[in-house]
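Quick notes on the structure that follows.
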Amino acid sequence: MAIRVLEQEQIFQINTKHTTYLMGVAAGKYLGHMYYGKRMEDAKGFHLLRLGKAEEVEEKHLKNKVSFMDGFPFEYSVWGTGDFRDTCLRVRDEGGYRVCELLYDGYRLLEGKPALAGMPATFAGKGEGQGAQTLVITLKDALLGLRVELRYSIFEDSDAIIRSVAAINEGEKKLYLEKVLSACLDMDNENFDLITLHGCWARERHMTIRKVTEGKHIVSSLRGETSHEVQPFMALTTAGTSQREGEVYAMNLVYSGNFLAETELDYQESVRMSLGLHPDGFEWLLEPGERFETPEAVLVYSDGGLGKMTRTFHGLYKNHLIRSKYLHSKRPILINNWEATYFNFDDDKLVAIAKEAKKLGIEMLVMDDGWFGARNDDSCALGDWQVNENKLKGGLKSLVDRVNAEGLKFGIWFEPEMISPDSDLYRAHPDWAIQAPGRKPGTARNQCVLDLTRQEIVDYVYEAVAKVLRSANIEYVKWDMNRALADLGSFTLGRERMGEFSHRYVLGVYQLQERLLAEFPDLLLENCSGGGARFDAGMLYYSPQIWTSDDMDPVERLFIQEGTALIYPLSTMGAHICVCPNHSVGRVTPMETRAHVALAGTFGYELDITKLSEEEKAKAVIFNQEYHKYNELVREGDYYRIASYRENNMYDCWQVVSTDKSEALVTYVQVRFEPRRKSRRLRLEGLEPKADYRLEETGEIYSGEMLMQAGFLQNMIFGDYGSRLLHFVRV
Ligand code: GLA
């Protein structure tokens, strides 16, 4: 890992272990993007800017500046002076002009990596080989008094590059940031495909692949959160890219609110990828002396297909983003009562579940929605975080003590950001709900959202949640968020700062979670949003696991978990065995298959364990043993996607290999049985070619080379929805 600056040539070279990123300054003024790809030692690439000789730029190109701006591959593009593609930065001055020109002003090299104020950020690890270096390049518009810092950080053990931007008003007049993205990347088109992740509630993060054609391809969220519908992620791939081969340029945003991810192909066959805060409805006032920081964008280049890109993201997030002390430990096998009881439970019912769960080896009971206020359905009481003693007789502490006495830990559900119109909180503070003056706030799932841009509301919410957590031995929190934001605005922000609302809301959420973890450092936090609408890298900074989707049907989960694991580590995916028939899609599937798919994530149950047959209970005991046996491998190992049901419409297969290559776990799900087909060939990856591996289930021995080149032949399983776990151990 090294960042090198060629002072004479004004070229910046960022080298990770396997990649190189090059930028150069044209005519001492304009910072251009030169190269991103496979590692090179040579940095002298001024020709890549297509300007001829450096000394001729002024004479040849800058005479007609607008024409120059139109085609130059800007490292950070700006609106208003001739770059007519979609740009990263748009600034308005007090006079209403949106003209800005950022000129190169200098650089700094820092050891380590600075944090971002109030926002999630990647960090250097404490371990050996986990250090970081940061390059800060400064650009300036002297007339506006605007300084922009472009930050690039790299880590010794990662091929990712982390970018973020700070805008500082050094002038004497106000500036209004109308758009300030975290990163853009100008490249030549190479017949690229674009991969993005789409869906909706119960169908999150399905992979979508399309050709990059002329014009703009935009994916974005304006829901105030990341959303079920789309991820702040895009990857450009060269033609024919597979899991193992091809070049990939990917970007992911470390953020949990409105975002814009855009790919634009222009007339000169140049592609610009850009990513950051969504500019719609956004405007940030920079008073003289003030500074604004964007969220981080993670850039990953892979010359080894999607698989290598995935493992780079996983490694980065495990080693440099997730702070939780639980990251490297087995999470307790939990049972959540939501699909078992919905709102219809009391203390005795929960204790009965705990008692039965304990016998089978389950380790934690999570009490979901409905334990507080007058909440017996979803029409009321959000905000009234006082225990409903009609349901939990004797109060919360008594219930927690009883569950603990059965030998289980206790976890609880909250939806702290919400307020039901029918709640004591709303009756006391109707103005706390997000709303526009004179208009009744609209509801979704019968609820409104609290205005978390107001510090007094953040403080109230924090105390309400913390008070409950202080009252009993609660070891886990599921932090839910069940609607998108609308009717935007705050009574206290004022006209000039109203455009800051959506971002300030997200900062309010971050502040709440930061405070929670500071007061309860041992708490295991799982974020959730109506299933998986807040599965994003921002949330991983606070919680080591996130509820992946309300849909636990193992067939639907193949799509959801493939898309999720494309970027996020398996150890972060909340996954449970569901009730059968499944409550989201009605599908009937074998319990083994539901378990095998859930074992790819954090593992647990979401069913009424007291209603299982003896045969099913016996199976649950085995699944729990399998969890203990395989979880370390799943959590810490390297992930390889072997086959995709999304692509072949027949079967799915993924593999996890321990970092020392001593064992591998292959999960095979045969969605559809095909008559007269004998077997499926599974070509494994990541093994030691010269080593022998024993398949535990049969005792057969195969060489790593054989398994990777010729493959393992998995016999057909009769009937639909069958699955197998295959455990290979080096002999
Ligand atoms: C959301 C969550 C579910 C459950 C319900 C409770 O939908 O995703 O798991 O907690 O809320 O209302």
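Hand me the list of strands (runs of 3 or more DSSP E) wholly inside region 150-222 holding 3 or more residues that are surrounded by 23 or more Cβ atoms within 10 Å (Cβ to Cβ).
Where strands (runs of 3 or more DSSP E) fall fully within region 150-222 and carry at least 3 residues being surrounded by 23 or more Cβ atoms within 10 Å (Cβ to Cβ), they are 161-169, 175-188.
In region 477-490, which residues are within 13 Å of the ligand (Cβ to nearest atom), over 18 Å from the mean Cα position of the chain (by Cα) and open to solvent by less than 10 Å² (accessible area, probe 1.4 Å)?
Within region 477-490, just Val477 meets the criteria.
Within the bounds of region 388-397, is there any residue that is of a type outside the set (A, V, I, L, M) and within 16 Å of the ligand (Cβ to nearest atom)?
Yes; the residues of region 388-397 include at least one that is of a type outside the set (A, V, I, L, M) and within 16 Å of the ligand (Cβ to nearest atom).
Which residues, taken from region 350-380, are open to solvent by 20 Å² or more (accessible area, probe 1.4 Å), among the aliphatic types (A, V, I, L, M) and more than 16 Å from the ligand (Cβ to nearest atom)?
Residue satisfying the conditions is Ala352 alone.
I'd like to verify a number: residues in region 541-550 that are surrounded by 24 or more Cβ atoms within 10 Å (Cβ to Cβ) and within 16 Å of the ligand (Cβ to nearest atom), how many?
Adding up the residues that qualify gives 6.
Is it true that His47 is part of a helix (DSSP H, G or I) and over 30 Å from Lys173 (Cα atoms)?
Answer is yes for this residue.
Name the residue that is farthest from the ligand (Cβ to nearest atom), counting only residues in region 502-540 that are in a loop (DSSP other than H, G, I, E, B) and open to solvent by 30 Å² or more (accessible area, probe 1.4 Å).
Quick first cut of region 502-540, residues in a loop (DSSP other than H, G, I, E, B) only: 520-523, 528, 530-531, 533-536.
Retained after the next criterion (residues that are open to solvent by 30 Å² or more (accessible area, probe 1.4 Å)): 520-522.
Details: Phe520: 20, Pro521: 25, Asp522: 22 Å.
Among those residues, the one meeting the criterion is Pro521.
Among Glu626, Glu616, Glu636, Glu697, which is the only one that is under 24 Å from Gly305 (Cβ atoms) and open to solvent by 20 Å² or more (accessible area, probe 1.4 Å)?
Just a single option satisfies the conditions, and that option is Glu636.
Mind counting the residues in region 104-122 that are open to solvent by 60 Å² or more (accessible area, probe 1.4 Å) and not basic (Lys, Arg)?
6
Going through region 438-454 one residue at a time, which ones are surrounded by fewer than 24 Cβ atoms within 10 Å (Cβ to Cβ), farther than 12 Å from Ser420 by Cβ and either without any contact (Cβ under 8 Å) to a residue 12 or more places away in the chain or among the β-branched types (Val, Ile, Thr) (or both)? Lay out the reasoning, then the answer.
Start the filter on region 438-454 by keeping residues that are surrounded by fewer than 24 Cβ atoms within 10 Å (Cβ to Cβ), which leaves 438-446, 454.
Pick out the ones that are also farther than 12 Å from Ser420 by Cβ and you get 438-440, 442, 454.
Across region 438-454, the qualifying residues are Gly438, Lys440.
Residues of region 430-476 being within 16 Å of the ligand (Cβ to nearest atom), out of contact with any helix residue (DSSP H, G or I) (no Cβ under 9 Å at 6 or more places or on another chain) and outside any loop (DSSP other than H, G, I, E, B), which ones?
Correct list: Ala444, Gln447, Tyr476.
Sort out for me the helices (runs of 4 or more DSSP H) sitting completely within region 294-378 that have 3 or more residues that are within 18 Å of Ala600 (Cα to Cα) and at pLDDT 95 or above.
Working: elements: 305-320, 338-341, 347-360.
Those helices (runs of 4 or more DSSP H) span 305-320.
Looking at Lys308, Lys330, which is the one that is open to solvent by 20 Å² or more (accessible area, probe 1.4 Å), basic (Lys, Arg) and within 30 Å of Gly37 (Cβ to Cβ)?
Within the list Lys308, Lys330, the selection yields Lys308.
Evaluate the following for Tyr605: is it within 15 Å of the ligand (Cβ to nearest atom) and touching a helix residue (DSSP H, G or I) at 6+ places or on another chain (Cβ under 9 Å)?
When the stated conditions are applied, Tyr605 passes them.
The values are calculated or read from the model by the stated rules, or taken from the named source; none is laboratory data. Values in this document were obtained by computation on a predicted structure and should not be read as measured data. Note: ideal-geometry Cβ built from the backbone for every residue, glycine included; neighbour counts use all protein chains shown. Heavy atoms of the whole protein, side chains included, go into the accessibility calculation; ligands, DNA and RNA do not. Shrake-Rupley method; radii C 1.70, N 1.55, O 1.52, S 1.80 Å.
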